[in-house]
Structures are given as structure tokens and as C-alpha cells.
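Asks: Before I ask anything, let me first share the structure, which is written out below as C-alpha cells.
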Amino acid sequence: MKIAIASGKGGTGKTSLATNLVAYLAENEEVVLIDLDVEEPNSGLFIKGELIHSEDKFKMIPQWEESSCSLCGLCQKTCRFNAIIQLASDIIIFPELCHSCYACSELCPSSSLPMIKEKMGELKHYKKNNISFIESRLLIGQEQAVPLISQTHDYIDQHFPNGILKFYDSPPGTSCPVIEATKEVDFVILVTEPTPFGLHDLRLAIETMKVLKKDFGVIINREGIGNNDVLDYCKNENIPVLAKIKNNRKIAELYSVGKLFYKEIPEVEEQLKEIKNYIFAKQKERRA
Amino acid sequence: MKEIVIISGKGGTGKTSITASLAYLGGTDVVVGDCDVDAADMHLLMKPDFTISEEFYSGELAVIDQTKCIQCGKCEEICRFKALPLINKKYVVKPLNCEGCGYCEKICPSNAITMETQMIGHCYISTTRIDNQMVHACLGIGAENSGKLVAKVKKEANRIARQSNKEFIIIDGSPGIGCPVAASLSGAHFVVLVTEPSVAGIHDLKRVYEVVKKFKIKAGCIINKYDVNTEKSQEIMDYLSTEKIIHISNLPYDENFTKAMVNGKTIVEYDKNHLRKSLIESWEKIKFFTNI
């Protein structure tokens, strides 16, 4: 079963929840944690392990071969992303704008734009006891997260069987990186906080999950810092609230130094148990 | 006219609350732009009036005319985004997969495919409850091209600031290091990095600052909740001095930060003590360093 941990708003506790939950579940079974927040991957700060595999990830971009080019101008006309510009006697390529659609390359009448690999990021695979942890990291200067997220999904599908629980720590927001991270998962956990910003962005995230036709539930983090609007909203809309984690300065302090906190705070462990029971029930439901 | 962009790398460090306070302090001298277009929250504090609303079109989507389609399968073959699967003997477009590259339209032998421009969101021009001009936007669910909408917000904010001779534009950016962040940095005069003293805050600050460096923009940093971990705050300050980033201020952890938001107010309106004082000093410093 594939479970994404997402949120509209950033900083609501996605990574805290993902890492603590995975560590808790791993006490009894094998779990996979995948950090898909490739722009700012943070799960690795909390879950460490032995590096067992590492690979560079590439996107394909065209490379101009001047000798055979007739400067016909078709490539510039074809590219809808303005990634190729033709000057008087030069073709200039902007790799950061290229979407790797291959149109310029394959439509070029003189085959002067072969596709070549450009490194866009790195994937690392770690193992610690029952936890397999996979992190993908976008190179600084690369602007498109989607291709790296997509290739990371492929890696997971190739390396882990269906039966195993997989948690995908997703990027914030509601645009293309979130869609890419969540579109193939079976269940989405939306982490929010009980504030006006939390509620506003939760509603956007819920809209997104409805468009994607996803089954989802909500976790309210830092309960007590704001008001009851998030809880009321979930009740009115019949959205399951899987857990509520009380605001606690000790959590913030342990988090700040990269430590998992569920063992230190019994209330949190209780809430993780609730989440686990919910997920196991979902799993059963799906098998039936 | 100078443009100030507030970003953080990591989400949830307090960017929007701080930006709204700066916008309050700047008053009618500033034009505000909310460039966190896929989770825009600043309007919850500034209460803009949505004077002008404009649909924003960008990017395209393939559309198949089934009466012309001869089921040759060429489109599916060349599409790198798996956006044209054969379902019930018909090739159909999966909108969430389609990147709008137009390759299928070019290769289709029966001209069955056309590219249609997409309405990806709305852009608004408003007056806020404290009388500053504000440009904000709302990206459609799952839409691409958030970078283009960010560029549109910035362009409108610049136009208004020029026309009405404003001194500053204050831009609330988005988390991450990808295309919307790059789009919000383009053309800025000063960057305010908002961080928090945690391993994640530091990690993300360093990554986003590498992006800022590529744009060669002067930067300053606000450490929010600095007293949650003073050792980590010291680590950040050491990093700032190594990188010659201006240390603007340390904000203490204070419940008023969130209470202000719950009450629909900026921090400087709600708080009467340290937070307010630190933010007033921060704004003076930011203005000073932006104008150097």
C-alpha cells in the first residue's frame, strides 16, 4: 500500500509525522519511506541508516550539432517552452526550460539535436533495520521537480513489492510537484495545523485530492495553538481526522536537533497507534 | 523603486506572517505581491478587496477530435508523459499528465489533435484594509506553470509601483528551490531569508541561499523562534557571517505570533512587546540595506 503524507501549507509537520510514524511501525514490520520533497528533502535528517545504493538522475535535453544544422528554424518554432532560440547563425538551448518532450530532436530534419543526459539530481537508498529509506535530491539550479519525482516512483516500483507499506513524504503546495508525488498512491494523509492559514491551505489540498479522486484523511498537528475551525470543518465535511497531536515545546526542541520524539512523549505514541490502526484497517478494506 | 522578496526554503517558518507585518509597517509606501500562488495566505491578514480579477491563461493541453482520429497510435508512441493512453479503443488525453508540448499535434497524420490554451488561475489587483495596493493570485488545482503566474504577479506589482511612484515592492515567495522561487527572485533588489533554528531550517536555508547566489542578490536573514534552540541559532549566525548575509534580527518564540493570525491581524498590530519592536527594527534595517 502506498501512502502519501502531504499538506497544502508548508511546515505543518509532514516530515516529523512521516519519520516518527515510519520508525514506530518499523518496530514490528518492514516499511519504506521515500522523501519526494526533492527541492528541500528533510526526512534524512531524522532517519539515518547505511547507504546501500546511490545513483545520479538525469533529464534528457537536446544538444546542438552545428556541423549538420541547416538553421531551418523548425526547432524554435516547435518548442512551446522557449527552451530553444535561433539567432543569426547559432542555436541556443536553455536546459532549465526544457521539458524533455523530444519534439525538437525528433522533428529536426537534419537530426542536429540529439538528446543527451543532463544530471538533475541524486537518488540515495539507505537501510536501517526494518526501514528502507530513499531520498531524491534536486540539484541547485534545476527548477523542475516533477521529472525527478517521477523517476523516484519508478525506482520504488522496481525495487519493492506491492504488499509492503510505503510512505511518501510529499512537497508542500497544490501544484505539479504535489500531483506527481500523490497521483499513484492509495491513500493520502494531509497534515495541517489549527490556524486560519492551516485551514485555508487544507481546503486547497482537499480540493486537489478530490480532483485526483484520492482517499484521504487529516492529521491535526500542534493542537491548541489556534482555534477549532479545522476540526469543525472536518466534521462538517465528514473528513476523517486520524489523529490530533498536541502542541508541545519539547517536540519542537527534539525536532530542532534532528531527533525522533515519539518515544519521549507517550501521547504522541498513542496518536501514532491510532494512525497505525487506521492504516491497517484501510489495508484490510483494500484487500477485501 | 526597489523590490524585496521574502523566502525561506523550508515551509512554515513564518514567512507570510512576517511579510504581512512588513507590509503593514510600509503602509502606503509599498505595493504587496503574494507570489506563493499555490498556497496563498496573505489575503487572510491583509483582507484585499479584489478590485480587479483577471483570468490567467498559460500553457496548453492536447485535445483529440475523435471523429478525425484514425487510431494509428503515433501520438501514444511519441508522448514522453504517458498522456495519451488507449482506453476502450479510443486515444484519450490525461490532462494531469499532459505537459502541453504539442509534439502529438505535430505528428498526428489526420490532424485530429489541437492544442488548447489553459486557464490556470486568477490574478487579482486589490486595495488592502490598510490601504496598500496588493497583487495576488490563485493557481488552479493541479495547474502547471506556477512560475508564469508568479511572473505575472510581479509584473503587475511593478507596473503599479511605477505608476504610483511607490518606494518598495514586498513579495511573499513560495517554499522550495524550484521554478516559482526562481521566478520570484528574478529582478529583485533584496532577499529576506526567514529561517528557524532546527536542522531542517538550516539545511533548507543553505540550499535556497545557493539559488539566491546564482541571482547575485543581496540577502538578509531573520531567525524566527530563535530561543527554541539557541545553539542552532548560533550555528545559523555563524553561517550568515561566513556567507556575508546580513543578520537582520532574531524573533523570540511567542504565542502572539499565531494569535495575531487567528485574529486576522498582522503581528505588529496585535503584539505590543518584543515581537512588535523586533519587527519594526527589522523593517528599518531592511529598508536601509535595500537602499544601499
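The values are calculated or read from the model by the stated rules, or taken from the named source; none is laboratory data. Note that the structure is predicted; figures quoted are calculated from it, not measured. When we count neighbours, we look across all protein chains shown, and the Cβ atoms used for this are built from the backbone with ideal geometry, even at glycine.
Asks: Of the conditions (1) facing another protein chain (nearest Cβ under 8 Å); (2) touching a His at 6+ places or on another chain (Cβ under 8 Å); (3) at pLDDT 95 or above, residue A:138 fails just one. Which one is it?
Replies: Among (1) facing another protein chain (nearest Cβ under 8 Å); (2) touching a His at 6+ places or on another chain (Cβ under 8 Å); (3) at pLDDT 95 or above, the lone unmet condition for residue A:138 is (2).
Asks: Scan B:144, B:99 and give me the residue that is of a type in the set (Asp, Glu), outside the structural domain of residue B:240 (by TED's automatic domain parsing) and modelled with pLDDT under 95. Explain how you work it out, then say what you get.
Replies: On the way: B:144 fails: outside the structural domain of residue B:240 (by TED's automatic domain parsing).
Of the residues listed, the single one that is of a type in the set (Asp, Glu), outside the structural domain of residue B:240 (by TED's automatic domain parsing) and modelled with pLDDT under 95 is B:99.
Asks: Now, a different point. Identify, by number, the condition in (1) farther than 14 Å from residue A:80 by Cβ; (2) touching a residue at least 40 places away in the same chain (Cβ under 8 Å); (3) surrounded by 13 or more Cβ atoms within 10 Å (Cβ to Cβ) that residue B:74 doesn't meet.
Replies: If we test residue B:74 against (1) farther than 14 Å from residue A:80 by Cβ; (2) touching a residue at least 40 places away in the same chain (Cβ under 8 Å); (3) surrounded by 13 or more Cβ atoms within 10 Å (Cβ to Cβ), just (2) comes out false.
Asks: While we're here: Are any residues in the stretch B:190-230 more than 10 Å from every other protein chain (Cβ to nearest Cβ) and at positive phi, and if so, which ones?
Replies: The one that is more than 10 Å from every other protein chain (Cβ to nearest Cβ) and at positive phi: B:216.
Asks: For residues that are assigned to a loop (DSSP other than H, G, I, E, B) and within 8 Å of chain B (Cβ to nearest Cβ), scanning just the stretch A:146-189, find the one that is surrounded by the fewest Cβ atoms within 10 Å (Cβ to Cβ).
Replies: Per the criteria, the residue is A:183.
Asks: Now for a separate question. In the stretch A:56-80, what residues are out of contact with any Pro (no Cβ under 6 Å at 6 or more places or on another chain), touching a residue at least 60 places away in the same chain (Cβ under 8 Å) and surrounded by 13 or more Cβ atoms within 10 Å (Cβ to Cβ)?
Replies: Within the stretch A:56-80, A:57, A:58 qualify.
Asks: In addition: For the stretch B:1-58: of the residues being more than 11 Å from chain A (Cβ to nearest Cβ) and charged (D, E, K, R), which is surrounded by the fewest Cβ atoms within 10 Å (Cβ to Cβ)?
Replies: By that ranking, first place goes to B:55.
Asks: If you go through the stretch A:190-205 one residue at a time, do you hit one that is among the hydroxyl-bearing types (Ser, Thr, Tyr), surrounded by 24 or more Cβ atoms within 10 Å (Cβ to Cβ), more than 8 Å from every other protein chain (Cβ to nearest Cβ) and in contact with a helix residue (DSSP H, G or I) (Cβ under 7 Å, 6 or more places away or on another chain)?
Replies: Yes, some residue in the stretch A:190-205 is among the hydroxyl-bearing types (Ser, Thr, Tyr), surrounded by 24 or more Cβ atoms within 10 Å (Cβ to Cβ), more than 8 Å from every other protein chain (Cβ to nearest Cβ) and in contact with a helix residue (DSSP H, G or I) (Cβ under 7 Å, 6 or more places away or on another chain).
Residue by residue, here is whether (1) over 30 Å from the mean Cα position of the chain (by Cα); (2) within 13 Å of another protein chain (Cβ to nearest Cβ) holds:
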position	(1), (2)
B:64	yes, no
B:81	no, yes
B:85	yes, no
B:119	no, no
B:122	no, no
B:161	no, no
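Asks: Separate question: Yes or no: the stretch B:242-254 includes at least one residue that is of a type outside the set (A, V, I, L, M, F, W, C), within 11 Å of chain A (Cβ to nearest Cβ), surrounded by fewer than 20 Cβ atoms within 10 Å (Cβ to Cβ) and part of a helix (DSSP H, G or I). So that I can check it myself, show each step before the final result.
Replies: Step one: list which residues in the stretch B:242-254 are of a type outside the set (A, V, I, L, M, F, W, C), which gives B:242-244, B:247, B:249-250, B:252-254.
Subsequent filtering for residues that are within 11 Å of chain A (Cβ to nearest Cβ) retains B:253.
Remaining after also requiring surrounded by fewer than 20 Cβ atoms within 10 Å (Cβ to Cβ): B:253.
Next cut, part of a helix (DSSP H, G or I) only: none.
No: the stretch B:242-254 contains no residue that is of a type outside the set (A, V, I, L, M, F, W, C), within 11 Å of chain A (Cβ to nearest Cβ), surrounded by fewer than 20 Cβ atoms within 10 Å (Cβ to Cβ) and part of a helix (DSSP H, G or I).
Asks: Checking the structure you have, find out if any residue of the stretch B:206-222 is assigned to a loop (DSSP other than H, G, I, E, B) and at pLDDT 95 or above. Give the derivation first.
Replies: Let us first name the residues in the stretch B:206-222 that are assigned to a loop (DSSP other than H, G, I, E, B), namely B:216-217.
Filter once more, keeping what is at pLDDT 95 or above: B:216-217.
There is at least one residue in the stretch B:206-222 that is assigned to a loop (DSSP other than H, G, I, E, B) and at pLDDT 95 or above.
Asks: Moving to a separate point now. Which one is farthest from the other protein chains (Cβ to nearest Cβ) among residues in the stretch B:141-159 that are free of Cβ contacts under 8 Å to residues at least 12 places away in the same chain and among the charged types (D, E, K, R)? Talk me through it step by step, then tell me what you get.
Replies: Step one: of the stretch B:141-159, the residues free of Cβ contacts under 8 Å to residues at least 12 places away in the same chain are B:141, B:155, B:159.
Then keep just the ones that are among the charged types (D, E, K, R); that gives B:155, B:159.
On the way: B:155: 16, B:159: 22 Å.
It comes out as B:159.
Asks: To continue, here is another question. Go through the stretch A:1-116 and tell me which strands (runs of 3 or more DSSP E), entirely inside it, have 2 or more residues that are under 30 Å from residue A:216 (Cα atoms).
Replies: Working: elements: A:2-6, A:31-35, A:50-62, A:84-86, A:91-93.
Strands (runs of 3 or more DSSP E) meeting the threshold: A:2-6, A:31-35.
Asks: Given the criteria closer than 18 Å to residue A:102 by Cβ, among the charged types (D, E, K, R) and crowded, with 21+ Cβ neighbours inside 10 Å, does residue B:105 qualify?
Replies: Values: closer than 18 Å to residue A:102 by Cβ: yes; among the charged types (D, E, K, R): yes; crowded, with 21+ Cβ neighbours inside 10 Å: no.
It is false that residue B:105 is closer than 18 Å to residue A:102 by Cβ, among the charged types (D, E, K, R) and crowded, with 21+ Cβ neighbours inside 10 Å.
Asks: A further question on this structure: Among the residues of the stretch B:178-234, count how many are of a type in the set (Asp, Glu) and in contact (Cβ under 8 Å) with a residue 60 or more places away in the chain.
Replies: Keep residues of the stretch B:178-234 that are of a type in the set (Asp, Glu), which gives B:196, B:204, B:210, B:227, B:231.
Then drop every residue that is not in contact (Cβ under 8 Å) with a residue 60 or more places away in the chain, which leaves B:196, B:204.
Result for the stretch B:178-234: 2.
Asks: Follow-up. What residue, among those in the stretch B:176-189 that are assigned to a loop (DSSP other than H, G, I, E, B) and within 18 Å of residue B:22 (Cβ to Cβ), is nearest to the other protein chains (Cβ to nearest Cβ)? Spell out how you get there, then give the answer.
Replies: So in the stretch B:176-189, the residues assigned to a loop (DSSP other than H, G, I, E, B) come out as B:176-178, B:186-189.
Filter once more, so that each one left must be within 18 Å of residue B:22 (Cβ to Cβ): B:188-189.
On the way: B:188: 16, B:189: 21 Å.
My answer is B:188.
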